[in-house]
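Structure first, commentary second.
The values are calculated or read from the model by the stated rules, or taken from the named source; none is laboratory data. All values derive from a computational prediction rather than experimental measurement. Please note: Cβ atoms are built from the backbone with ideal geometry, for glycine as well, and neighbour counts cover all protein chains shown.
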Amino acid sequence: MTATVERAPASGNLRKHTSRNPVQQWLLARFHRRIAALTAAALPPKATPPVIVEAGCGEGFVLAALGKALPGARYLGLELRPEALAAAATQAPRAALARTDVLHLPLRDGAADVTLCLEVLEHLRDPWTAVAELRRVTRGSIIVSVPNQPWFSLANLARGKNLSTWGDDPEHVQHWRATTFLRTLNRHVPVQTVVYSFPWVIAVGEGGGR
(Lines give C-alpha, C1' and ligand atoms only; values in the text may rest on other atoms or scores of the structure.)
Protein backbone atom coordinates (compact mmCIF):
# COMPACT_ATOMS: atom_id res chain seq x y z
CA MET A 1 0.00 0.00 0.00
CA THR A 2 1.33 3.44 -0.92
CA ALA A 3 1.10 6.07 1.80
CA THR A 4 -0.77 9.22 0.91
CA VAL A 5 1.12 12.41 1.75
CA GLU A 6 -1.10 15.38 2.51
CA ARG A 7 0.24 18.64 1.20
CA ALA A 8 -0.64 22.01 2.65
CA PRO A 9 -2.81 24.04 0.26
CA ALA A 10 -0.95 26.69 -1.69
CA SER A 11 -1.00 30.03 0.08
CA GLY A 12 -2.53 33.12 -1.47
CA ASN A 13 0.98 34.57 -1.69
CA LEU A 14 2.26 31.58 -3.65
CA ARG A 15 -0.74 31.57 -6.00
CA LYS A 16 -0.32 35.30 -6.56
CA HIS A 17 3.37 35.09 -7.43
CA THR A 18 3.04 32.04 -9.66
CA SER A 19 -0.02 33.27 -11.55
CA ARG A 20 0.27 33.36 -15.33
CA ASN A 21 -1.87 36.48 -15.54
CA PRO A 22 0.39 39.06 -17.25
CA VAL A 23 -1.32 42.03 -15.60
CA GLN A 24 -0.84 40.52 -12.16
CA GLN A 25 2.81 39.79 -12.90
CA TRP A 26 3.33 43.38 -14.08
CA LEU A 27 1.72 44.74 -10.89
CA LEU A 28 3.89 42.48 -8.73
CA ALA A 29 7.08 43.44 -10.58
CA ARG A 30 6.25 47.13 -10.06
CA PHE A 31 5.49 46.47 -6.37
CA HIS A 32 8.86 44.72 -5.93
CA ARG A 33 10.70 47.59 -7.63
CA ARG A 34 9.06 50.12 -5.36
CA ILE A 35 9.82 48.06 -2.25
CA ALA A 36 13.47 47.79 -3.34
CA ALA A 37 13.67 51.54 -3.95
CA LEU A 38 12.11 52.38 -0.57
CA THR A 39 14.42 49.91 1.16
CA ALA A 40 17.50 51.37 -0.52
CA ALA A 41 16.44 54.89 0.46
CA ALA A 42 15.85 53.81 4.06
CA LEU A 43 19.27 52.23 4.60
CA PRO A 44 21.61 54.21 6.85
CA PRO A 45 24.74 55.31 4.96
CA LYS A 46 27.21 53.79 7.44
CA ALA A 47 25.61 50.37 7.91
CA THR A 48 28.13 47.79 6.66
CA PRO A 49 26.60 45.47 5.79
CA PRO A 50 23.04 46.61 6.52
CA VAL A 51 20.65 44.14 8.15
CA ILE A 52 17.27 43.79 6.43
CA VAL A 53 14.56 41.68 8.06
CA GLU A 54 11.32 40.58 6.43
CA ALA A 55 8.70 39.53 8.98
CA GLY A 56 6.21 37.22 7.30
CA CYS A 57 8.47 36.51 4.33
CA GLY A 58 6.24 33.78 2.89
CA GLU A 59 7.90 31.85 0.11
CA GLY A 60 10.73 34.38 -0.23
CA PHE A 61 9.73 36.25 -3.39
CA VAL A 62 10.45 39.70 -1.93
CA LEU A 63 13.70 38.50 -0.35
CA ALA A 64 14.80 37.22 -3.75
CA ALA A 65 13.96 40.54 -5.44
CA LEU A 66 15.75 42.53 -2.74
CA GLY A 67 18.79 40.26 -2.94
CA LYS A 68 19.15 41.13 -6.62
CA ALA A 69 18.57 44.86 -6.11
CA LEU A 70 20.68 45.22 -2.94
CA PRO A 71 23.23 42.41 -3.00
CA GLY A 72 25.46 43.90 -0.28
CA ALA A 73 22.93 43.52 2.55
CA ARG A 74 22.39 40.74 5.06
CA TYR A 75 18.88 39.28 4.97
CA LEU A 76 16.78 37.50 7.57
CA GLY A 77 13.38 36.07 6.65
CA LEU A 78 10.92 35.23 9.43
CA GLU A 79 7.87 33.07 8.70
CA LEU A 80 5.49 30.87 10.69
CA ARG A 81 4.50 28.34 8.00
CA PRO A 82 7.15 25.61 7.55
CA GLU A 83 6.13 24.87 3.96
CA ALA A 84 6.63 28.54 3.07
CA LEU A 85 10.06 28.56 4.74
CA ALA A 86 11.06 25.50 2.72
CA ALA A 87 10.12 27.34 -0.48
CA ALA A 88 11.94 30.49 0.69
CA ALA A 89 15.15 28.49 1.21
CA THR A 90 15.10 27.73 -2.52
CA GLN A 91 13.77 31.08 -3.69
CA ALA A 92 16.17 33.21 -1.62
CA PRO A 93 19.17 31.01 -0.74
CA ARG A 94 21.30 33.93 0.48
CA ALA A 95 18.84 34.82 3.26
CA ALA A 96 18.96 33.40 6.76
CA LEU A 97 15.56 32.00 7.70
CA ALA A 98 13.77 31.28 10.97
CA ARG A 99 10.33 30.03 11.90
CA THR A 100 8.52 32.47 14.17
CA ASP A 101 5.34 34.43 14.81
CA VAL A 102 5.34 38.12 13.85
CA LEU A 103 3.82 38.87 17.27
CA HIS A 104 6.95 37.53 19.01
CA LEU A 105 10.04 38.32 16.96
CA PRO A 106 13.19 36.56 18.24
CA LEU A 107 15.38 39.65 17.85
CA ARG A 108 16.92 42.11 20.27
CA ASP A 109 15.80 45.73 20.32
CA GLY A 110 17.12 47.64 17.30
CA ALA A 111 18.58 44.55 15.60
CA ALA A 112 17.49 45.53 12.08
CA ASP A 113 18.37 48.52 9.95
CA VAL A 114 15.17 48.03 7.95
CA THR A 115 12.25 45.71 8.71
CA LEU A 116 9.62 44.84 6.11
CA CYS A 117 6.18 43.40 6.75
CA LEU A 118 4.36 43.12 3.43
CA GLU A 119 0.83 41.81 2.92
CA VAL A 120 0.79 40.38 6.45
CA LEU A 121 -1.09 42.76 8.77
CA GLU A 122 -4.45 42.17 7.05
CA HIS A 123 -4.21 38.50 8.09
CA LEU A 124 -3.86 39.28 11.81
CA ARG A 125 -6.53 39.66 14.49
CA ASP A 126 -4.13 41.92 16.41
CA PRO A 127 -2.08 43.77 13.78
CA TRP A 128 -1.01 46.59 16.09
CA THR A 129 0.80 44.26 18.46
CA ALA A 130 2.76 43.10 15.43
CA VAL A 131 3.51 46.71 14.52
CA ALA A 132 4.83 47.33 18.04
CA GLU A 133 7.16 44.33 17.65
CA LEU A 134 8.33 45.60 14.26
CA ARG A 135 9.15 48.96 15.78
CA ARG A 136 10.95 47.40 18.74
CA VAL A 137 13.38 45.40 16.62
CA THR A 138 14.10 48.19 14.11
CA ARG A 139 16.66 50.96 14.57
CA GLY A 140 15.99 52.43 11.15
CA SER A 141 12.79 52.27 9.11
CA ILE A 142 9.79 49.94 8.97
CA ILE A 143 8.16 49.28 5.60
CA VAL A 144 4.65 47.81 5.62
CA SER A 145 2.06 47.23 2.92
CA VAL A 146 -1.61 46.23 2.94
CA PRO A 147 -4.34 45.91 0.29
CA ASN A 148 -5.99 49.24 -0.45
CA GLN A 149 -9.73 48.66 -0.30
CA PRO A 150 -12.05 48.72 -2.16
CA TRP A 151 -9.63 48.75 -5.12
CA PHE A 152 -8.03 45.45 -4.14
CA SER A 153 -11.38 43.64 -4.15
CA LEU A 154 -12.60 45.40 -7.29
CA ALA A 155 -9.45 44.36 -9.15
CA ASN A 156 -10.08 40.74 -8.15
CA LEU A 157 -13.74 40.92 -9.18
CA ALA A 158 -12.75 42.32 -12.57
CA ARG A 159 -10.82 39.12 -13.30
CA GLY A 160 -13.36 36.78 -11.72
CA LYS A 161 -11.39 36.00 -8.56
CA ASN A 162 -12.86 35.44 -5.06
CA LEU A 163 -16.40 36.01 -6.29
CA SER A 164 -17.97 34.45 -3.17
CA THR A 165 -16.27 37.08 -0.97
CA TRP A 166 -16.91 39.99 -3.34
CA GLY A 167 -13.30 40.02 -4.47
CA ASP A 168 -11.67 40.01 -1.05
CA ASP A 169 -9.15 37.33 -0.12
CA PRO A 170 -10.90 34.87 2.24
CA GLU A 171 -7.72 34.77 4.37
CA HIS A 172 -8.01 38.47 5.22
CA VAL A 173 -9.48 39.50 8.59
CA GLN A 174 -8.72 43.23 8.27
CA HIS A 175 -10.12 45.41 5.48
CA TRP A 176 -8.67 48.92 5.28
CA ARG A 177 -9.05 51.91 3.05
CA ALA A 178 -5.63 53.52 2.69
CA THR A 179 -6.66 56.63 4.62
CA THR A 180 -8.00 54.60 7.54
CA PHE A 181 -4.95 52.35 7.69
CA LEU A 182 -2.47 55.22 7.50
CA ARG A 183 -4.28 57.23 10.16
CA THR A 184 -4.27 54.29 12.56
CA LEU A 185 -0.70 53.27 11.72
CA ASN A 186 0.51 56.78 12.47
CA ARG A 187 -0.75 56.41 16.04
CA HIS A 188 1.67 53.53 16.52
CA VAL A 189 4.54 54.46 14.20
CA PRO A 190 5.46 57.91 12.87
CA VAL A 191 4.76 57.57 9.14
CA GLN A 192 7.45 59.16 6.97
CA THR A 193 6.56 58.17 3.40
CA VAL A 194 3.50 56.77 1.62
CA VAL A 195 3.61 55.13 -1.81
CA TYR A 196 0.65 53.71 -3.73
CA SER A 197 1.30 50.67 -5.89
CA PHE A 198 -2.11 49.53 -7.12
CA PRO A 199 -3.82 47.69 -5.50
CA TRP A 200 -1.62 48.13 -2.41
CA VAL A 201 -0.57 51.00 -0.18
CA ILE A 202 2.99 51.04 1.17
CA ALA A 203 4.04 53.04 4.24
CA VAL A 204 7.51 53.75 5.60
CA GLY A 205 7.59 54.42 9.34
CA GLU A 206 10.19 55.21 11.96
CA GLY A 207 11.64 52.36 13.99
CA GLY A 208 11.86 52.64 17.76
CA GLY A 209 14.67 50.22 18.64
CA ARG A 210 18.10 51.56 19.54
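Taken over the range 87-116, the residue count meeting the criterion of being more than 21 Å from Val204 (Cα to Cα) and either among the aromatic types (Phe, Trp, Tyr) or in contact with a Leu (Cβ under 9 Å, 6 or more places away or on another chain) (or both) is 14.
Every residue in the range 150-184 that is among the polar types (S, T, N, Q), at pLDDT 95 or above and within 16 Å of Trp200 (Cβ to Cβ), please. Scanning the range 150-184 gives Gln174, Thr179, Thr180.
Return a yes/no flag: does the range 145-167 have any residue that is surrounded by fewer than 16 Cβ atoms within 10 Å (Cβ to Cβ), among the hydroxyl-bearing types (Ser, Thr, Tyr) and within 22 Å of Glu54 (Cα to Cα). Among the residues of the range 145-167, not one is surrounded by fewer than 16 Cβ atoms within 10 Å (Cβ to Cβ), among the hydroxyl-bearing types (Ser, Thr, Tyr) and within 22 Å of Glu54 (Cα to Cα), which makes the answer no.
Can you tell me how many residues within the range 101-147 are farther than 14 Å from Gly208 by Cα, of a type in the set (Asp, Glu) and assigned to a helix (DSSP H, G or I)? Result for the range 101-147: 1. Among the residues of the range 71-97, the one identified as in contact with a helix residue (DSSP H, G or I) (Cβ under 8 Å, 6 or more places away or on another chain) and surrounded by fewer than 16 Cβ atoms within 10 Å (Cβ to Cβ) is Arg94. Within the range 125-139, can you find the residues that are surrounded by 17 or more Cβ atoms within 10 Å (Cβ to Cβ), closer than 18 Å to Asn186 by Cβ and touching a Gly at 6+ places or on another chain (Cβ under 9 Å)? Ala130, Val131, Leu134, Arg135, Arg136, Thr138, listed by residue number.
Residue by residue, here is whether (1) within 18 Å of Pro147 (Cβ to Cβ); (2) not aliphatic (A, V, I, L, M) holds:
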residue: Pro82; (1), (2): no, yes
residue: Leu85; (1), (2): no, no
residue: Leu97; (1), (2): no, no
residue: Asp113; (1), (2): no, yes
residue: Leu121; (1), (2): yes, no
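Test Asp109 against the stated conditions and say whether it is surrounded by 21 or more Cβ atoms within 10 Å (Cβ to Cβ), farther than 24 Å from Asn148 by Cα, acidic (Asp, Glu) and at pLDDT 95 or above. It is false that Asp109 is surrounded by 21 or more Cβ atoms within 10 Å (Cβ to Cβ), farther than 24 Å from Asn148 by Cα, acidic (Asp, Glu) and at pLDDT 95 or above.
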